[in-house]
Amino acid sequence: MRALHRIRHFVRAFGQAKRHRTDLIRQIGRRPLLAGATVGVETAMLLSNKMDPKLKDLAELKTAGLVSCEFCLDIGSALATSSGVTEQQIRDLPRYQDSAAYSEVEKLVIAFAEAMTRTPAVGHDLADLRRRLSEHLTDTQIVELAMTVAWENQRARLNQSLGVRPTGMSDGAACALPERVS
């Protein structure tokens, strides 16, 4: 059921795209084998739903913000509201540690995404976060979270390198912003 809900909102979000609708397809379509592989991973990620979609969306938005992928932030913000991410949570992502908008587990998920996205990803920080996450999530959910963050890093960096622009899917709503990394 989660996958169908997500697909419905994904189609709706793309229907709201106002500009640059073909950037990604035009770029990745130049390599059909890679486009097919991307569709395969996207589908696997969509159907992998042992974890609360809201947690996955928060992790993806944090990752996209740290990589500064405006396309990912645009679509991610539009999709996140369908999983229960609030406008306040979207606005507070850069300062999530001090925000009352997040639960303890949401803060841990965002911290995990931040640690995975940091270059280099520091092993002892990740080990401690995995341990703390294991108090709230199953091993299967932690694997799904790690794959979600890793895939968003790949997706965001690919979009950035190919010049994929935001499409306006989140126009008129709260949209996460690129973050400055110190």
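The values are calculated or read from the model by the stated rules, or taken from the named source; none is laboratory data. Every value quoted in this text rests on a predicted model; they were computed, and no experiment measured them. With ideal geometry, Cβ positions are generated from the backbone for all residues, glycine too; neighbour counts draw on all protein chains shown. These area figures cover heavy atoms from the full protein model, side chains too; ligands, DNA and RNA do not enter into them. Shrake-Rupley method; radii C 1.70, N 1.55, O 1.52, S 1.80 Å.
The figures follow:
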read-out	value
Residue identified as open to solvent by 50 Å² or more (accessible area, probe 1.4 Å), basic (K, R) and outside any helix (DSSP H, G or I) among R8, R19, R26	R19
Residue count, segment 142-163 (criterion: in contact with a helix residue (DSSP H, G or I) (Cβ under 8 Å, 6 or more places away or on another chain) and either open to solvent by less than 10 Å² (accessible area, probe 1.4 Å) or of a type outside the set (A, V, I, L, M) (or both))	13
In segment 19-64, the residues that are closer than 28 Å to T86 by Cβ and among the charged types (D, E, K, R)	R19, R21, E42, K50, D52, K54, K56, D57, E60, K62
Candidate set: segment 146-182, residues that are of a type in the set (A, V, I, L, M) and in contact with a Pro (Cβ under 9 Å, 6 or more places away or on another chain); chosen: the one nearest to S82 (Cα to Cα)	A176
Close pairs (6 angstrom Cβ cut-off, 6 or more residues apart or separate chains): over 19 Å from G163 (Cβ atoms) in segment 12-24, open to solvent by less than 80 Å² (accessible area, probe 1.4 Å) anywhere	A13/I75; A13/A78; A13/L79; A13/M169; Q16/M169
Residues within segment 92-124 that are assigned to a helix (DSSP H, G or I) and either free of Cβ contacts under 8 Å to residues at least 12 places away in the same chain or of a type in the set (S, T, Y) (or both), tallied	8
Failed item, numbered, when L133 is tested on (1) modelled with pLDDT of 95 or more; (2) open to solvent by less than 10 Å² (accessible area, probe 1.4 Å); (3) closer than 11 Å to A59 by Cα	(3)
One residue from A78, A59 being in contact with a Lys or Arg (Cβ under 9 Å, 6 or more places away or on another chain), on the phi < 0 side of the Ramachandran plot, in a helix (DSSP H, G or I) and touching a residue at least 60 places away in the same chain (Cβ under 8 Å)	A78
